[in-house]
Each structure stands twice: as C-alpha cells, then as structure tokens.
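The values are calculated or read from the model by the stated rules, or taken from the named source; none is laboratory data. Computed from a predicted structure; not experimentally measured. A quick note on method: Cβ atoms are made from the backbone with ideal geometry, for glycine too, and the neighbour counts reach across all protein chains shown. Protein only, heavy atoms only, side chains kept; ligands, DNA and RNA dropped before computing areas. Shrake-Rupley method; radii C 1.70, N 1.55, O 1.52, S 1.80 Å.
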Amino acid sequence: MSDLMAIVYWWFFFLVLGVVVWPLTWRWFASFWDRGYGLTKAVALAVIGWLVWVVGILKLVSFGPVTIWGAIILVAGVCWWAIAKRWKKDFFDWHTRNWKTLLFEEILFLLAF
C-alpha cells in the first residue's frame, strides 16, 4: 500500500469513528463553538477503547477485530438512536447552519494528519 493510500485509509477510518460519536459530543460539548466536533475522534477512541477493554477484562468476549467492530456498531447505534429519539431537529438544523465549520475542522485534521 502506498503512503498516500495509507493516509487516506486511516483518515477515512478516523472520520467514521468521529461520525459514530458525533451525536454524543454534540450533546456533551454544547457550549463549545463547534459543539465538540474537533474532539470527536479523540472521544471515539476513548469511548470505544474503554468499552472493548471492559468487555475484554471481564472476559465477556475475546479481544479481536470482531470485538472492536462490535463496539463501534454498538456505540454508533446508541449515539444515533439518542439523536433520532430526542434532538433530531436541533441536530440537523445546527448542521445546516454550520457545515462550513465542520468542513474547516475536517480539512484541518487532514492537514495535521
């Protein structure tokens, strides 16, 4: 795999992780000017990593790619269900008004990455 393809692959993976927990950070960091979007990737790594660690340490499942992907899917389901259930209109209205902020932060992350 070329270096450029590896960068694109990992950037896309981190983008997916950020999207997974974006509803969570949107609520947790409501007072931030970007509603916490800049923290989504770090929060995703922390939440998903903690969940995988807990189920592994309790020996509920063995550690591996299936466990990691299962945790990602579980966290995504819970986060997006909460948005759909309670804050759907506010969440999507905010995105309509602030899409340039999200794009700017994503480009900034890509450049730093």
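Tabulated results
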read-out	value
From the C-alpha gyration tensor of the chain, square roots of 5λ in Å	25, 21, 11
Accessible surface of the chain [probe 1.4 Å, protein heavy atoms]: carbon and sulfur percent	74
Heavy-atom surface of the chain, accessible at 1.4 Å and reported per residue (Å²)	68
Spacing of the two label points (7 Å from each Cα toward its C-beta) at E105 and F32, in nm	0.5
Spherically averaged projected area in nm², based on the convex hull that wraps the Cα atoms of segment 1-44	3.1
For the chain, calculated [θ]222 nm from helices alone, where every DSSP H run of n ≥ 4 adds -39500 (n - 2.57)	-27000 deg cm²/dmol
